[in-house]
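Input: a single structure, listed below in structure tokens.
Laboratory data are not the source of any read-out in this text; all were calculated from the coordinates shown. Quantities reported herein were computed from a predicted structural model and do not represent experimental measurements. FYI the Cβ positions are ideal-geometry reconstructions off the backbone, even for glycines, and counts take in every protein chain you see.
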Amino acid sequence: MKFIDEVFITVQSGDGGRGCVSFRREKFVPRGGPDGGDGGKGGDVILQSTSRRRTLYPFRFRRQFKAKNGVHGQGKKKTGKNGENLLIEIPPGTLVSDAETNDVLKDFTQPGESFMAAAGGRGGQGNARFKTSTKRAPRYAQPGEPGQFFKLKLELKLLADVGIIGLPNAGKSTLISVISSATPKIADYPFTTLDPILGVVQPDQEESFVVADIPGLIEGAHQGAGLGTRFLRHIERTRILVHLVDASNIDPQNPLASYETINGELAQYNPLLTEKPQILVLNKMDMPGTEQIAEIIQAAVKDRQVLMISAAARKGIEALKSKLVEYLGNHISQQDQFHDGK
């Protein structure tokens, strides 16, 4: 599945219904007069951010959106039905711009935000509206106003749902290659990955989510060392973090050294990063001696759950994916409760 972070769509609101030209014609009611009703208003096109959407992938298959037209007015002063509004759901973090002028129209930063992208046309007035003391039988009515048409650019600024962090050579590129559609360069030397790698994970019976391989961080990254703050900024945009540790390269006398180094860099760059949900994952568990190391680390982190995998051997991958789905679901539920005012 291809990751799509920018799409162009067209939106068109509904036309207003035309007013009706009608005269009351009933037995025993002489000179009944005009009774044409108004046309209904055209439907609006509304963009709304929701945590149910995590990518712009659905727009790959549909790029044109049009709301319903208003219904025309009828006799007996019956007003036409308003056209139904069209609601387009997008993921939080989407920046909406006018594709022709590049003017930013709306930056969706949280779930539950909405923006009227195109307003429906006003319905025309029926001839009953134009009756006066001097114009007893007006034979005209207003047409409905046309709807609005815009071409919009949608950009997903939220980099990923899941960010994979860890020291260089922890196996992040290998992991993202086996759980997602990404095809990163993989080699046994530091800083193999020079740009964040994005992939889409498609769990069974669940909505897809985006995972990012954040290039290797080192001590001093918050001050620009190594690849520096360039990639720490990307971590700010992720929902949860997978902290990947190379279990084959751990000093039993100081088993949490690499783990604490990375978390220390996060805290010094932005203390809020340490509040993100974080899953500790030991990689390369197919290597000799790693089982003993895993026991030492589990004892050192106490109540925190530690997942054990081998990305290269594809062991423990399904359990990790299930845990990511669980964490994302909990994170979304908390967000929705907050934004619903609960």
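So how many Å³ per residue does the convex hull of the Cα atoms of the range 1-158 work out to?
On the way: hull volume 20.7 nm³, N = 158.
Enclosed volume per residue, from the Cα hull, is 131 Å³.
Go through the range 57-110 and name the chymotrypsin sites (Phe, Trp or Tyr not before Pro) that are in a DSSP coil and have 13 or fewer other Cβ atoms within 10 Å of their Cβ. All intermediate terms of the calculation are to be shown ahead of the outcome.
On the way: sites: Phe59, Phe61, Phe65, Phe108; in loops: Phe61, Phe108.
Counting only loop positions with at most 13 other Cβ atoms within 10 Å, the chymotrypsin sites (Phe, Trp or Tyr not before Pro) in the range 57-110 are Phe61.
Could you pull out every one of the lysines with an alpha carbon less than 22 Å from that of Lys302, ignoring same-chain neighbours closer than 8 positions?
Correct list for Lys302: Lys276, Lys284, Lys323.
In terms of modelled amide H atoms, which long-range or inter-chain residues lie less than 5 Å from the amide H of Met308?
Leu282
To the nearest 20 debye, what is the magnitude of the charge dipole of the range 38-131 about its Cα centre, counting +1 on the Cβ of each Lys and Arg and -1 on the Cβ of each Asp and Glu?
On the way: 17 positive and 9 negative charges, 151 e Å.
It comes to approximately 720 debye.
Mind ordering 109-120, 35-46 by average Cβ neighbours within 10 Å, highest first?
Highest-to-lowest ranking by the protection proxy: 35-46, 109-120.
Given the C-alpha centroids of the range 57-78 and the range 297-312, what is the distance between them in whole angstrom?
Going from one Cα centre to the other spans 54 Å.
Pull up the cross-link candidates among the lysines for Lys78, meaning alpha carbon to alpha carbon under 24 Å and not fewer than 8 places away within one chain.
Lys27, Lys41, Lys68, Lys131, Lys135
What aspartates and glutamates sit close enough to Lys77 to cross-link, taking a C-alpha to C-alpha distance under 15 Å and skipping anything fewer than 8 places away on the same chain?
Glu26, Asp35, Asp38
Sorted by mean Cβ packing within 10 Å, highest first, what order do the peptides 254-266, 91-103 take? Write down the numbers at each step before the final one.
Details: 254-266: 17.8, 91-103: 15.7.
Per-residue Cβ counts within 10 Å, averaged per peptide and sorted highest first, yield 254-266, 91-103.
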